[in-house]
1. Do we find that residue 243 is in a strand (DSSP E or B), under 25 Å from residue 100 (Cβ atoms), modelled with pLDDT of 95 or more and within 19 Å of the chain's Cα centre (by Cα) in this structure?
2. Residue under question is residue 148, and the condition is that it be closer than 18 Å to residue 240 by Cα, at pLDDT 95 or above and assigned to a strand (DSSP E or B); does it hold?
3. Test each condition in (1) surrounded by fewer than 15 Cβ atoms within 10 Å (Cβ to Cβ); (2) over 15 Å from the mean Cα position of the chain (by Cα); (3) over 22 Å from residue 82 (Cβ atoms) for residue 157 and report the one that comes out false.
4. Condition (residue is within 19 Å of residue 250 (Cα to Cα) and either outside any loop (DSSP other than H, G, I, E, B) or in contact (Cβ under 8 Å) with a residue 60 or more places away in the chain (or both)) applied to segment 175-196: is it met by at least one residue?
5. I'd like to check which strands (runs of 3 or more DSSP E) are fully inside segment 45-144 and have at least 2 residues that are modelled with pLDDT under 95, outside the structural domain of residue 244 (by TED's automatic domain parsing) and surrounded by 15 or more Cβ atoms within 10 Å (Cβ to Cβ).
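The values are calculated or read from the model by the stated rules, or taken from the named source; none is laboratory data. Nothing here was measured: the structure is a model prediction, and the numbers come from that model. Here the Cβ is made from the backbone with ideal geometry for all residues, glycine too, and neighbour counts use every protein chain on show.
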C-alpha cells in the first residue's frame, strides 16, 4: 500500500478546499446576480431621500369625559360619539437616516372627517319633542405629522416597518367662532397628538406601494367652553381618536 507523507496530505486538502471555493464562487455569483436582477429598485436604499403621495380612508370619533354638571342634571342621560369614516390624502417626504431608520414628514396632509354627537334625553326636547339630539361636526384638517420609522431587512421585494411620531392639526372647518344657535357644542381649531403604526413595502419596477395602518390620537382638549350651550356643559374633555388606513405610492429621489 502506498503511503503519503503528512505534508502531501495537507497539500491535497488545501487544493481540495481551494477548488471547492472556486467552484462555489462559480455557482454562487451567478445566483446572486440572478437574485439582484429579480429585485425591483435594487438601488433604492442608497437614495438619501424620496417623496410619495398618500391616499386613504379614516374612521374617527371623540373620546368624551363628562363634567361634574352631568351628574348634577337629569335631563341629558347619555352623550356618545360614534365612529364615522372619511378620506385623506397627502404628500410625504422621507429622509433615510440609516439602513434601519427613516425620518418622515408630511408637508401636505389633508384629512376629511366627520364626528357625530348623539344625546339621549330623559324628557322630550321642548323645541321638537324628540327624545334624542344629534350634531355632526365636519372637519377639514391640515395635519403635519413628524415620524420616525424602523424598517426590517428587505426580503426580495418586500419589507415591514413600524413608526411612531407626533403631529399638529389645524381644522379649517372648525365651528369655534360660530354663533349659530343650532350648535350643541363647539370644537377648537388646533390640536396636537401622537401617531403609532405599522406597514409594509412592496417594491415594484417603478414605485413602492406601502399599505399602512396607524392610530392618530389627539392629546389636547378641543372642546370650546361655552356656558350658553347646555349640551356642551355636560362634557369636560373632548379628545380626538382616529384610525387611518393608507396607501403610500413612493419612489424617486436623488
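1. The answer is no for residue 243.
2. Against the criterion (closer than 18 Å to residue 240 by Cα, at pLDDT 95 or above and assigned to a strand (DSSP E or B)), residue 148 does not qualify.
3. If we test residue 157 against (1) surrounded by fewer than 15 Cβ atoms within 10 Å (Cβ to Cβ); (2) over 15 Å from the mean Cα position of the chain (by Cα); (3) over 22 Å from residue 82 (Cβ atoms), just (1) comes out false.
4. No, segment 175-196 has no match at all.
5. Answer list for segment 45-144: none.
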